[in-house]
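Visitor: Here it is, the structure in full.
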Amino acid sequence: MPPTTRTARSSPPAGRQAAGRQAAGAATNDQLLAFYRQMVLVRRFEERAARAYTEAKVGGYCHLNLGEEATVAGLMAAVRAEDYVFTNYREHGYAIARGIGPRRVMAELYGRVDGVSRGWGGSMHMFDIASRFMGGYGIVGGQVPLATGAALAIDYRGGAEAVVCLMGDGTTNIGAFHESLNIAALWGLPIVYVVINNGLGMGTSVERSSAEPELHKRAASYRMASARVDGNDPAAVYEAAQVALASAREGRPYLLETVSGRLKGHSVVDPARYRSREEAEALKAADPVAAYAVRLHEQGLLTDELIARIDTEATTEVAAAAEFADASPHPDVSTLFDYTYATPVPNDSRRLPGDALFPPPPRPNVAELVQMPA
């Protein structure tokens, strides 16, 4: 007889059953317009962030969501306020869509105290417990085990929340990805793993790095449901994300792959010379923001005047965010270690760069040395 373990549970807690039974629905016309507004805002924000980087107002690494705006808008619209979101380091758009706001995100990029992580996280490490935005992670795949652990905590409490764990295509090749999916499937955890497949892990194509380039199919190894969706269509992403989240809430984890292009290099400083001119031109021609505007225009939901107004509003909001960030003070160096641990830890080091590792030895009194006999 097999041992009695948590894996023997046949159904999720009642709260999760009820939450998961809400049917997924197509986006309304108002939602389609909201997607477009969100996409334009993220586009203008990321363009301003790139400019700020060249002006030396943003330090460290900076990775942009340019080309990923449709996935940002559709996915985050499906996530509920009580759900938890874990991301990798390409996170600005998701933070904005989660409700953190362009001002706090921009201030964080500038390393200022009014930033979402009080200026100490920068582009890659935003965290906001109030919106349950559980951070960006600079280590590839570092967020995946942590997100799985959060789902385990929800399961223990019998909660109705779900976890959304974002990652790039390169993450699917690391051990933690497979270990996390395996344990999530074994234990029926309420989590959706979302692979943002932009075709490149830094400068290496998915086809050259993955024997199975349709990454959602990896879920089959763990008898986990999965789907692949057009990441340039926010409505398609929204509908697929609803299905995935409903499954997760019923104790069936899910792997969702969204496919979109990356309009620029891996980071702001990457010139993307591994791309041919033809590839770059094809990506530009498939710009999801412009393409979605054309689509809504043809459907009668957008007019030329409304397109111009939305763009002006987004540009104005982003300019205000940059002014806000510029006016925010730098954090005091004394707060550098305040957020290292959630609770006090004995003997944690607070040594600053340049500080001696050990206290200096006592120095003899010069006067006494002069008076010593030969």
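Visitor: Which residue, of 106, 167, is over 17 Å from residue 84 (Cα atoms), open to solvent by less than 10 Å² (accessible area, probe 1.4 Å) and not β-branched (Val, Ile, Thr)?
Guide: 106
Visitor: Pick from the range 272-318 the residues that are more than 16 Å from residue 35 (Cβ to Cβ) and of a type in the set (Ser, Thr, Tyr): which of them is farthest from the chain's Cα centre (by Cα)?
Guide: For the range 272-318, the residue satisfying everything is 303.
Visitor: Across the range 227-267, what is the number of residues that are touching a His at 6+ places or on another chain (Cβ under 6 Å) and open to solvent by 40 Å² or more (accessible area, probe 1.4 Å)?
Guide: 1
Visitor: Name the single residue that is surrounded by the fewest Cβ atoms within 10 Å (Cβ to Cβ) among those in the range 55-88 being at pLDDT 95 or above and of a type in the set (Ser, Thr, Tyr).
Guide: Step by step, filter the range 55-88, then rank; the result is 84.
Visitor: Has the range 172-188 got at least one residue that is under 23 Å from residue 93 (Cβ atoms) and either free of Cβ contacts under 8 Å to residues at least 12 places away in the same chain or surrounded by fewer than 18 Cβ atoms within 10 Å (Cβ to Cβ) (or both)?
Guide: For the range 172-188, residues under 23 Å from residue 93 (Cβ atoms) and either free of Cβ contacts under 8 Å to residues at least 12 places away in the same chain or surrounded by fewer than 18 Cβ atoms within 10 Å (Cβ to Cβ) (or both): absent.
Visitor: Just one of (1) under 30 Å from residue 118 (Cβ atoms); (2) modelled with pLDDT under 95; (3) open to solvent by less than 40 Å² (accessible area, probe 1.4 Å) trips up residue 272, so point out which.
Guide: All conditions pass for residue 272, except number (1).
Visitor: Next up: Which condition number does residue 141 fail, the rest of (1) part of a loop (DSSP other than H, G, I, E, B); (2) open to solvent by 30 Å² or more (accessible area, probe 1.4 Å) being met?
Guide: Residue 141 satisfies all of (1) part of a loop (DSSP other than H, G, I, E, B); (2) open to solvent by 30 Å² or more (accessible area, probe 1.4 Å) except (2).
Visitor: Check every one of the strands (runs of 3 or more DSSP E) wholly within the range 156-236 and list those with 2 or more residues that are among the small types (Gly, Ala, Ser) and touching a helix residue (DSSP H, G or I) at 6+ places or on another chain (Cβ under 6 Å).
Guide: In the range 156-236, 225-230 are the strands (runs of 3 or more DSSP E) which contain 2 or more residues that are among the small types (Gly, Ala, Ser) and touching a helix residue (DSSP H, G or I) at 6+ places or on another chain (Cβ under 6 Å).
Visitor: Moving on to the next point. Does the range 321-329 include one or more residues that are under 20 Å from residue 77 (Cα atoms) and either modelled with pLDDT of 95 or more or not charged (D, E, K, R) (or both)?
Guide: For the range 321-329, residues under 20 Å from residue 77 (Cα atoms) and either modelled with pLDDT of 95 or more or not charged (D, E, K, R) (or both): absent.
The values are calculated or read from the model by the stated rules, or taken from the named source; none is laboratory data. Small disclaimer: the values here were computed from a predicted structure and weren't measured. Note that each Cβ is placed from the backbone with ideal geometry, even for glycine, and that neighbours are counted across all protein chains shown. The protein model used for the area step is the full one, side chains on, heavy atoms only, and it has no ligands, DNA or RNA in it. Shrake-Rupley method; radii C 1.70, N 1.55, O 1.52, S 1.80 Å.
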